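Derivation of every value follows stated rules applied to the coordinates shown; laboratory data play no part. Treat the numbers as computed from the prediction; the structure is a model and nothing was measured. Glycine gets a Cβ as well: all are built from the backbone with ideal geometry, and neighbour counts include every protein chain shown.
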Amino acid sequence: MTVRENRAFWQLLSYGSLRVAILRRGQRLVDADAIGQADDVLFLEPEEIDQYLAHAHNSAKTLVEQRRQE
């Protein structure tokens with residue numbers, strides 16, 4: 001395996017792990033009624049995810065819908 005292929009393998013592997021972790025945070029936001037479905041978290045910036053997790057009474061549904069349409 002060449003260096004380039006080896007690096008690509010590890011990047012893909014880490015991407016999958018990162019995606020699972022992000023979707024778990026998305027599920028926490030769904031449970032707090034901040035977003036509609038777990039993968040909506042992919043439309044939020046990391047700082048926004050933290051903000052909505054810290055202030056569970058806020059909703060990001062409108063923001064996610066706007067970004068989906070962009």
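Details
- Helix 3-31 axis, angle to the chain major axis (alpha carbon atoms, nearest 10°): 20 degrees
- Remark on the range 3-69: hydrodynamic radius 12.7 angstrom, per the Kirkwood mean of 1/r across alpha carbon pairs.
- Here the relative contact order of the chain, from alpha carbon pairs under 8 Å that lie six or more residues apart, stands at 25 percent.
- Between the listed residues V41, V64, A54, the Cα displaced farthest toward the positive end of the dipole of the chain, a dipole computed from Cβ unit charges relative to the Cα centre, is found at V41.
- In this simple spin-label model, placing a label point 7 Å from the Cα along the Cα-to-Cβ direction at both W10 and S59 gives a separation of 4.4 nm.
- Net charge, S17 excluded, C-beta distance under 15 Å - Lys, Arg +1, Asp, Glu -1: +3
- Highest mobility in the GNM of the chain, judged by mean-square fluctuation with C-alpha springs under 10 Å and restricted to L13, L53, L42, is found for L13.
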